[in-house]
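The values are calculated or read from the model by the stated rules, or taken from the named source; none is laboratory data. The shown structure was predicted, so the numbers you read here are calculated from the model rather than taken from an experiment. When we count neighbours, we look across all protein chains shown, and the Cβ atoms used for this are built from the backbone with ideal geometry, even at glycine.
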Amino acid sequence: MNNISVFTGPMKSGKTSTVINTANALINQGENVKVFKPVIDDRFSTNFVQDRDGNKINAINIGKIDDLENYEADSYVIDEFQFLEGDLNIIKNLANKGKKFYIAGLNLTTEKKVFGRMGDIMEASDNVQVFKANCDCCGSSNAIYSFCTAEKTGDILVAGDDVYLAVCPECYDKLKLSKK
């Protein structure tokens, strides 16, 4: 069926670029596409999704997964899915009716725990692409974790590159030890 595709990985791995490119390709094919982002993600803007290269696309702010029911589309594109809570059956039911979903989000918190509903959406997905980034510390192309350089309470601290690093497993362990 391939109606739910998930793009996941650490910060700076190209997830947002992928959803922007996917949305634009679908729009160019004449599909009715709606792009969504969580209300909490206001790093670049509240009314568009933007990648680190400055590419952007208009987006609708939603507070929870359930808000998707208020929009009709052929394809639903969602960025920063890890920040959304709600009923995943809404996505599953729409996908069973032939609607397509392209979802990007961090798979892990900076403490290496499954982030929000990402594990659940990956389980429901027909297609999961796990991205890697270049390590901000050693430069290897094996960065699979995000590391927070600031103090935070809980899993969520919405911030940018000044607070988060993409790191390989070796550098993650070194940074964790140095933070103690």
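Here are some notes:
- Number of positions in the stretch 65-100 that are more than 26 Å from PRO10 (Cα to Cα) and not in a helix (DSSP H, G or I): 7
- Among the criteria (1) closer than 16 Å to THR18 by Cα; (2) buried (at least 20 other Cβ atoms within 10 Å of the Cβ); (3) not hydrophobic (A, V, I, L, M, F, W, C), the one TYR145 does not fulfil is (1).
- Residue in the stretch 55-62 that is in a loop (DSSP other than H, G, I, E, B) and either in contact with a helix residue (DSSP H, G or I) (Cβ under 8 Å, 6 or more places away or on another chain) or not acidic (Asp, Glu) (or both) present: yes
- Among residues of the stretch 70-95 that are at negative phi and free of Cβ contacts under 8 Å to residues at least 60 places away in the same chain, those with a beta-carbon under 6 Å from a residue that is part of a loop (DSSP other than H, G, I, E, B) and among the polar types (S, T, N, Q) at least six positions away or on a different chain give the pairs ALA73/ASN32; ASP74/ASN32.
- So ILE62, is it of a type in the set (A, V, I, L, M), modelled with pLDDT of 95 or more, closer than 29 Å to ALA150 by Cα and surrounded by 13 or more Cβ atoms within 10 Å (Cβ to Cβ): yes
- Restricting attention to the stretch 157-174 and to residues that are among the aliphatic types (A, V, I, L, M) and either under 18 Å from ILE40 (Cα atoms) or in contact with a Lys or Arg (Cβ under 8 Å, 6 or more places away or on another chain) (or both), the residue that is modelled with the highest pLDDT turns out to be ALA166.
- Close contacts from the stretch 1-29, counting a first residue that is in contact (Cβ under 8 Å) with a residue 24 or more places away in the chain and a second that is of a type in the set (Gly, Ala, Ser) and assigned to a helix (DSSP H, G or I), with Cβ to Cβ under 8 Å and a gap of 6+ residues or different chains, come to MET1/ALA95; ASN3/ALA95; ILE4/ALA95; ILE4/ALA124.
- Members of the stretch 30-47 that are assigned to a loop (DSSP other than H, G, I, E, B) and in contact (Cβ under 8 Å) with a residue 40 or more places away in the chain: GLU31, ASN32, ILE40, ASP41, ASP42, ARG43
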